[in-house]
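Asker: I'd like to ask you about the structure that follows.
The values are calculated or read from the model by the stated rules, or taken from the named source; none is laboratory data. Keep in mind that this is a model prediction, so the values were computed, not measured. Here the Cβ positions follow ideal geometry from the backbone for every residue, glycine too, while neighbour counts run over all protein chains shown. Keep in mind that these areas ignore ligands, DNA and RNA; they rest on the heavy atoms of the full protein, side chains included. Shrake-Rupley method; radii C 1.70, N 1.55, O 1.52, S 1.80 Å.
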Amino acid sequence: MKKQMTLLGAFALMCSIFVHAPVGAGGTQPNYPIQFRDVTKASGLYEPLAGIMGHGAAVGDFDGDGKVDIYVGGFCDRPDSEYKPAKGPVKNYLFRNLGNGKFEIVDQPAISYFGRTSGAVFADLRNSGNLDLYAANNTKGKSNKDVEPQRSAQLRFAQLFRNDKGKFTDVSESSGACPKTLRTARNIGVLDYDGDGLLDLFVVEDKFIAKPSCRLFRNLGNMKFEDVTKEVGLPDDIHGLGCAIADLNGDGRPDIFVAHSNRLFLSQVKDGKTTYREDVELREVLQWKPLNNSDWPCGAVFADINNDGLLDLIVTSHHVKCRNKVFINGGLKNGIPQFRDVTKEVGLDEIVPVKCPHVEVQDFDNDGLPDIYTSAAWIDDKGNITPLIYRNLGIKNGLPKFAAPMPFTAPSKGEGSAGMVYFPVGPSLDFDGDGRIDLFLVNWFQGNHCRLMRNESAEKNWLDVKVEGKKMNRMGIGAQVTLFEPGTKKLLGFQEVTIGYGYASGQEAICHFGLNKIDTVNVEVRFPDGRIVLYENVRAKQRLKIAE
């Protein structure tokens, strides 16, 4: 070993010691900047969800009271014994946020069913101010021909529920968005592909049937949809698990990335009409070289991880030797975003020994640097959870550097065994409105349970931006929000309003920015039609609503 160490090397060693400190009794390491506390039991979510084989979740304010609610569903086709401590399959549930740290079950039979729910999202599909609910269901279940509710769960296709001031009605059959040919639905992307002000649906179908086909459903109004997949030029052989949607080429229309097939489709607008073409120029960069037949890219998210005003791409894997990938966006060349693989440079090249299905980018410690979160975690022998959040340590020469909270360890062997675990689904939310991003982790396995993780990191400044459309869709999906330092052009953060990204999860249509010690910012919003509005000297620690 060399006798001398450079200052840089010493600093790197100190960072390594800090980042990889032992885990504490609360499930997070002492002094680590991102701290969570498990409040599942206190919130009222523990008992109803005990035993659920969870696989889909959406968060959103379904009743318009200003508090974010939770919908969760799972697979109900397995033998009763697989749902212990429950006596049998656990049906889907909607939980209302009471605002005091507690949730209550909303007793509505239409949405509390037994199915194989593999994804969910709340979206205002009528611009009514009410969040409707789309639940993806997967009909390729195990055979339980004579057992109920398992048998009926296998026969349930994707479903759409209209929300009328908090009351849901099943409109699946008449909607056109839930055809019987859509058998293995997974993620649900929400977008306005044609710019008509109505939100459309992009439903991802997995490859585990003979002829999978992801579908684009155009919103015709009044909860009616038509399949325009072929009409817009999307191939009929796309398969996937997750998806990410954002305007990458700056034409005001959303582009679509499908994880698993790892195909990127760029919008083209001519005479006001939108079509799609595959980005074959980047196929070699984005294609996955699998370790084996079970190595599946799964979650995907577009996010600006280096604060340069360009949306980068993070893809996570549904594999026990999980290789997560980071693609930095170098800007447009001939209308094509120039992604390149920087996984090793940014610190995500180490293989994770459990699956990392879902992915998001959020600033969990509000230090002004976006972090990468996946739905994997560590569990100690007392059952405490530490989520796998790659903390952003800083940006140098245009590239961020990330570090996990502790070394990766072997998977847990079951209840009472320390190690790593994963959750199929895990949307982020701020359930208590304190400006710190919390997590709802949906469990699949016996010996573990769903987790509501309250973020108790040190308080710093933050800003939430909610865009309310009038000409565009009411949720503001597709609007781009940029924060600047007042008096300068220094960019503090850039996001696009989007939901339904990652894997099997639905999020709030909110842009959350950590600001560290900055207490005043300028906020610029670019609408899909190119119009820009600027709000100057906006104070931190608030949810700013910007009406179109």
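Asker: Extending each Cα 7 Å along its Cβ direction at S417 and V280, get the distance between those two points in nm, one decimal.
Answerer: Simple spin-label model gives 4.9 nm for this pair.
Asker: Ignoring ligands and nucleic acids, what accessible area does H55 show with a 1.4 Å probe (Å², nearest 10)?
Answerer: Surface accessible to solvent at H55 totals approximately 10 Å².
Asker: Treating only the Cβ of Lys, Arg, Asp and Glu as charged (+1, +1, -1, -1), what charge dipole size does the range 359-489 show about its Cα centre? Round to the nearest 20 debye.
Answerer: My answer is approximately 480 debye.
Asker: Once amide H atoms are built 1.01 Å from N in the peptide plane, which residues 5 or more positions from A185, or in another chain, come under 5 Å H to H?
Answerer: Placed amide hydrogens put N137, T139 under 5 Å from A185.
Asker: Rule-of-thumb check for the chain: C-alpha Rg over 2.2 N^0.38 Å?
Answerer: The chain yields a ratio of 0.91.
Asker: So, one more: Once you have a ≥ b ≥ c as the square roots of the Cα gyration tensor eigenvalues for the range 432-548, tell me rounded if a/c is under 1.5, and otherwise prolate or oblate according to whether a/b is larger than b/c.
Answerer: oblate
Asker: Within the range 398-513, what whole-number % of the accessible surface is contributed by carbon and sulfur, with the 1.4 Å probe and all protein chains included in the calculation?
Answerer: Percent of accessible area from carbon and sulfur atoms in the range 398-513: 51.
Asker: Can you give the helix-only mean residue ellipticity at 222 nm for the chain, where every DSSP H stretch with n ≥ 4 adds -39500 (n - 2.57) and the sum goes over all residues, rounded to the nearest 500 deg cm²/dmol?
Answerer: So the helix-based figure for the chain works out to -1500 deg cm²/dmol.
Asker: State the extension gain, in nm to one decimal, for the chain segment bounded by N334 and K396, taking 0.36 nm per residue of separation less the distance between their alpha-carbons.
Answerer: 19.6 nm
Asker: Let me ask another. Which order do T343, T275 take when ranked by solvent-accessible area (1.4 Å probe, heavy atoms of all protein chains), largest first?
Answerer: From most accessible down to least: T275, T343.
Asker: Rounded, prolate or oblate: which fits the range 231-326 when a ≥ b ≥ c are the square roots of the eigenvalues of the alpha-carbon gyration tensor, with rounded for a/c under 1.5 and prolate only if a/b beats b/c?
Answerer: oblate
Asker: May I pose another question? With 31 Å as the limit, write out which pairs from K230/K401; K211/K355; K167/K545; K41/K167; K333/K545 have Cα-Cα distances beyond it, or answer none.
Answerer: Where the Cα-Cα span goes over 31 Å, the pairs concerned are K230/K401; K333/K545.
Asker: At a 1.4 Å probe radius, which order do Y134, Y535 fall into by accessible area, largest first?
Answerer: Result of the area sort, largest leading: Y535, Y134.
Asker: While we're on this one: Rounding to the nearest 20 debye, state how big the charge dipole of the range 133-289 is about its Cα centre with +1 on each Lys and Arg Cβ and -1 on each Asp and Glu Cβ.
Answerer: Approximately 740 debye in magnitude.
Asker: Could you order D237, D341 so the one with the most accessible surface comes first? Probe is 1.4 Å.
Answerer: Result of the area sort, largest leading: D237, D341.
Asker: Right, something else. Quick one: grab the alpha carbon gyration tensor of the range 144-273, order the square roots of its eigenvalues as a ≥ b ≥ c, and give me rounded if a/c is under 1.5, else prolate or oblate depending on whether a/b is larger than b/c.
Answerer: Oblate, since a/c reaches 1.5 and b/c is not below a/b.
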